[in-house]
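Just so it is clear, none of the values below were taken in a lab; they were calculated from the coordinates. What you are looking at is a predicted structure, and each value in this text was computed from that prediction instead of being measured. Heads up, the Cβs are rebuilt from the backbone with ideal geometry, glycines too, and the neighbour counts pull from every protein chain shown.
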Amino acid sequence: MSNHIESVLIEDRVFNPKKNNIKDNNFFIKDLDVYKSLCLESENDYKSFWKKYALDFLIWHKLFTNVLDESEAPHYKWFTDGEMNVSFNCLDVNLTNGNKHKTAIIFESDDGKVEKISYIELFTRVCKFANGLKKLGYCSGDRCIIYMPMSIEVVVAMQACARLGIIISVVFGGFSSKSLHERIVDIGASLVITADSQKRGGKYIPLKVAVDDAIEMGGCESIKNIIVYKRSDKCVSWDIDRDLWMSDVEDTQSEYCEPTFVNSEHPLFILYTSGSTGKPKGVQHSSAGYLLWSKMSMNWTFNASDSDVFWCTADIGWITGHTYISYAPLALGMTQVIFEGIPTYPDSGRFWKMISDHKVTVFYTAPTAIRSLIKSSSSDQEVHPKNFDLSSLRIIGSVGEAINPETWLWYYKNVGREKCSVVDTWWQTETGGHMITPIPGVTPLKPGSCTLPLPGISASVVDETGEDVLPGKGGFLVIKRPWPGMIRNIWNDSERFKSSYFPEELRGYYLAGDGAQKDNDNYFWILGRIDDVLNVSGHRLGTMEIESALVSHELVSEAAVVGRPDITTGEAVVAFVVLKDKQPEGEEAIKIAKQLRDWVAKEIGPIAKPKDIRFGDNLPKTRSGKIMRRLLRLTANGEQITQDISTVENIHVLKSLSTVL
Ligand code: WT7
């Protein structure tokens, strides 16, 4: 672990919370005194703290007697001997509490068509689909890949699997067949649920064909069926022994499906995310602990209330789309918007128009989206949020990367109209739900800081021996105690789980992989990743994954990938490439760069495409042959190299690598 974490210039503006748009809610943290006493309570007796919430927030089929089993730490087990069902806690509970006919989902398609589904209708669809799956022979413990567009159907698929205890892994629709293949094989999936295509920005993008391609790559013998949601009239290739339309699976089934009650620790899903090696990690989450933390964090951070219309713009393929679309809003009986399309189609006013049309009260998006909308509304006044009625909003959230103070202020002023709390939520795929975030109407806000940890979350900044560092000093962000929403394992790789997240020198603390710093008010400022992971548009990409994709191309001999700051996407991917043949120039270089970009899109997905590709006849290396990434980072940023370069064997190569195509 390197300890080169520099501190940042800290903003000192403080925005005091506006209380007038906060709603009554049983478990809400009403003021800072309550916040402090809850933090204290969880510190003093954290098992009782979590027990109380587990009883308040979840409906148990069999009550647990053991809150936390630490015997196999860091594989912590929560509420070990309890039994419950996630789908029961998201749907059945809403049939008897007055929400039966309440709208659960307002779906808006890419072309603007709106479809609403009530809790009873959603429940019925989930039951029918689950019965269909059951009839096909699927049951608890089976693994299913979901590769679907944003739709009501993807929620039906996720909830139906949860109802039967089928473990899912949702693969983002923008990932390639190669990525899909890797995941099918890693989890040994017997079922894939997909769609013929998805529609984004006015265009149909095929999905089923990617599944067919993945299966053709071999090693997918575990697959028995592909279930296809029909989104378009486009023809798809069909294997009559294997492929089924989703509507056929669902249609003839009865309207009630008994939930399969599972152990608290039963894996609900596995979600792949990038780490510092070439192979993505299958982050395994539990059923009870995960749902509990989803609900609690949703309740606190978004001050969830009965009258809300919540809209999270994340894709279902990321953890944000799991926790704050497929599970928590339903478990809390909320109405939510699900959007198929993109923020810039038909124009960059789409988000603001949708907030106004659906009277969205709580809006949750990513800094990269805000930055791109700032850019378009400065050149085209018509799409500026000031032209839309955003008066329904009361809380606006941000996630995915640190939101820079300028973007924060723009969001606060133009979208929140200076009356909404901005909740900058720090968390990760591994944490299951929000960890460090303001509580709306309560926590004083500092633009650029995710503020303070939620009660029960013992976040800290430490040095490489696990010792707390002083305010104003950079260090590693850790969580000192386990929490119910935490990652349980890396699927099939317990050793990697332990070494990535619980390195010995850190005293058993959970290592987040981010650098951070606290200020004198104990506010957290996230400084970015400390490993070889980039954050492009709020998406995690491992530099090693992109490097392995590049070197698997027939023309490439060596490649090194680093990040550089980018005004819209946060970070951009820069690839330094040495070809087997001589270094290309002019038109030839441009042609090969395009080939390599397309190759990375095919191997991983378009989001991993390098923005810059630079060719050289070698990479800068030490005498022992180690690539000097720190020099490449400086070169990628066009910065002068002023550091010690005496250990570089072949410094001359930097000259050719500095050429931008
Ligand atoms: C990484 C986690 C959490 C869901 C979306 C991303 C960065 C995330 C913030 C924030 C600063 C943030 C961190 C983290 N990150 N939110 N509010 N402020 N950085 O999930 O793909 O698992 O990525 O995103 O670097 O480690 P993910």
Could you put 255, 495, 547 in order, starting from the residue whose Cβ has the fewest other Cβ atoms within 10 Å? 495, 255, 547
Going by the alpha-carbon gyration tensor, a ≥ b ≥ c the square roots of its eigenvalues, is the chain rounded (a/c under 1.5) or, if a/c is not under 1.5, prolate (a/b greater than b/c) versus oblate? rounded
As an exercise, identify the trypsin sites (Lys or Arg not before Pro) in segment 469-565 lying in DSSP coil whose Cβ has no more than 15 other Cβ atoms within 10 Å. 473, 507
Take 514, 243 and order them by how many other Cβ atoms sit within 10 Å, fewest up front. 243, 514
Percent antiparallel among DSSP beta bridges with both residues in the chain, to the nearest 5? 60
Within the chain, longest stretch clear of exposed chymotrypsin sites (Phe, Trp or Tyr not before Pro) (DSSP loop, no more than 16 other Cβ within 10 Å): 257-661
About the Cα centre of segment 88-223, how large is the charge dipole given +1 on each Lys and Arg Cβ and -1 on each Asp and Glu Cβ? Please answer in debye to the nearest 20. 460
Checking every Cys Cβ in the chain against the others at 4.7 Å leaves as unpaired 39, 90, 139, 144, 161, 220, 235, 312, 420, 450
In straight Cα distance, which aspartates and glutamates are under 16 Å from residue 135, not counting same-chain residues fewer than 8 positions off? 241, 243, 248, 250, 251, 255, 258
Segment 559-644: GluC sites (Glu not before Pro) in DSSP coil with no more than 14 other Cβ atoms inside 10 Å: 585, 639
In terms of the charge dipole of segment 403-493, which places +1 on Lys and Arg and -1 on Asp and Glu at the beta carbon, the residue among 469, 439, 484 farthest towards the positive end is 439
Using the Cα centre of segment 272-378 as the reference point, and only Cβ charges (+1 on K/R, -1 on D/E), how large is the resulting charge dipole? Debye, rounded to the nearest 20. 340
Under a Cβ-only charge scheme (Lys and Arg +1, Asp and Glu -1), can you give me the dipole magnitude of the chain about the Cα centre, in debye to the nearest 20? 860
Subtract the Cα-Cα distance of residue 241 and residue 417 from 0.36 nm times their separation in residues, and report this length gain in nm to one decimal. 57.7 nm
Computed label-point distance, nm, for sites residue 255 and residue 52 using a 7 Å Cα→Cβ extension: 4.2
Rounded, prolate or oblate for segment 194-281? Axes are the square roots of the Cα gyration tensor eigenvalues, ordered a ≥ b ≥ c, and the cut-off for rounded is a/c under 1.5. oblate
What is the antiparallel percent of DSSP beta bridges lying wholly in segment 537-657, to the nearest 5? 70
Cα gyration tensor category, rounded, prolate or oblate, for segment 537-657 with a/c compared to 1.5: oblate
Here the gain from full extension of residue 522 to residue 498, 0.36 nm per residue of separation minus their alpha-carbon distance, amounts to 5.8 nm
Please give the net charge around residue 120, taking every other residue with its beta carbon less than 13 angstrom from that of residue 120, where Lys and Arg add +1 and Asp and Glu add -1. +2
Using a 10 Å cut-off around each Cβ, can you sort 462, 660, 114, 337 from fewest to most neighbouring Cβ atoms? 660, 114, 462, 337
Rounded to whole Å, give me the distance from the Cα center of segment 22-85 to that of segment 582-609. 50
So for the chain, taking the charge dipole from beta-carbon charges (+1 Lys/Arg, -1 Asp/Glu), which of 27, 184, 17 sits furthest toward the positive end? 17
